[in-house]
Amino acid sequence: MSKIENTLASIVNNDGKHTSGQLQTTWFEHGDRVKRGLLKLGLFWLLSAASLPIIFAHWVLVPGFFIAGPWMGYRTYKITHRRDHVSGPCPSCQEEVIIKLEASDKLPKWTYCPSCKAPLHITPPEH
């Protein structure tokens, strides 16, 4: 079962004002990682089978999806955690915002406020 962890993060604007927010991270256990990897493998092999009736393109698509299946399954298996989002007040407009993150994002990260479009720097909390 995956665990959701909330940790502190600082949200800083260009003027140096900062607020505290919550960084949500999903941690995957071994069983979840295996299941996600096998699902990705199955998806690519299903795409490989579905590409068979496509005339001419199947010469490239079928072997491509078939070979990409184990590779993408292994890459998915190796993912131990996913950063979901940072939520907290924007230091510029003081509105509560949720900033979506990519799974591979690392802190510190530059992004923009979804409300006022001000540039924001998301960092681990200052000690």
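A few points about this structure:
- One residue from 46, 61 being of a type outside the set (D, E, K, R), farther than 30 Å from residue 8 by Cβ and surrounded by fewer than 14 Cβ atoms within 10 Å (Cβ to Cβ): 46
- Restricting attention to region 13-24, the residues being under 21 Å from residue 81 (Cα atoms) and either surrounded by fewer than 16 Cβ atoms within 10 Å (Cβ to Cβ) or at pLDDT below 90 (or both) number 1.
- Leading residue by the ranking (surrounded by the fewest Cβ atoms within 10 Å (Cβ to Cβ)) among those in region 1-12 that are part of a strand (DSSP E or B) and under 16 Å from the mean Cα position of the chain (by Cα): 4
- Checked against the criterion of being outside any loop (DSSP other than H, G, I, E, B), of a type in the set (Phe, Trp, Tyr) and more than 23 Å from the chain's Cα centre (by Cα), region 35-50 has at least one qualifying residue.
- Number of the condition not met by residue 54 [criteria: (1) under 19 Å from the mean Cα position of the chain (by Cα); (2) surrounded by fewer than 16 Cβ atoms within 10 Å (Cβ to Cβ); (3) at pLDDT 90 or above]: (1)
- Only one of 115, 20, 48, 92 that is hydroxyl-bearing (Ser, Thr, Tyr) and without any contact (Cβ under 8 Å) to a residue 24 or more places away in the chain: 48
The values are calculated or read from the model by the stated rules, or taken from the named source; none is laboratory data. Quick caveat: nothing in here was measured; it's all calculated off a predicted structure. Cβ sites come from the backbone with ideal geometry, for glycine too, and all protein chains shown count toward neighbours.
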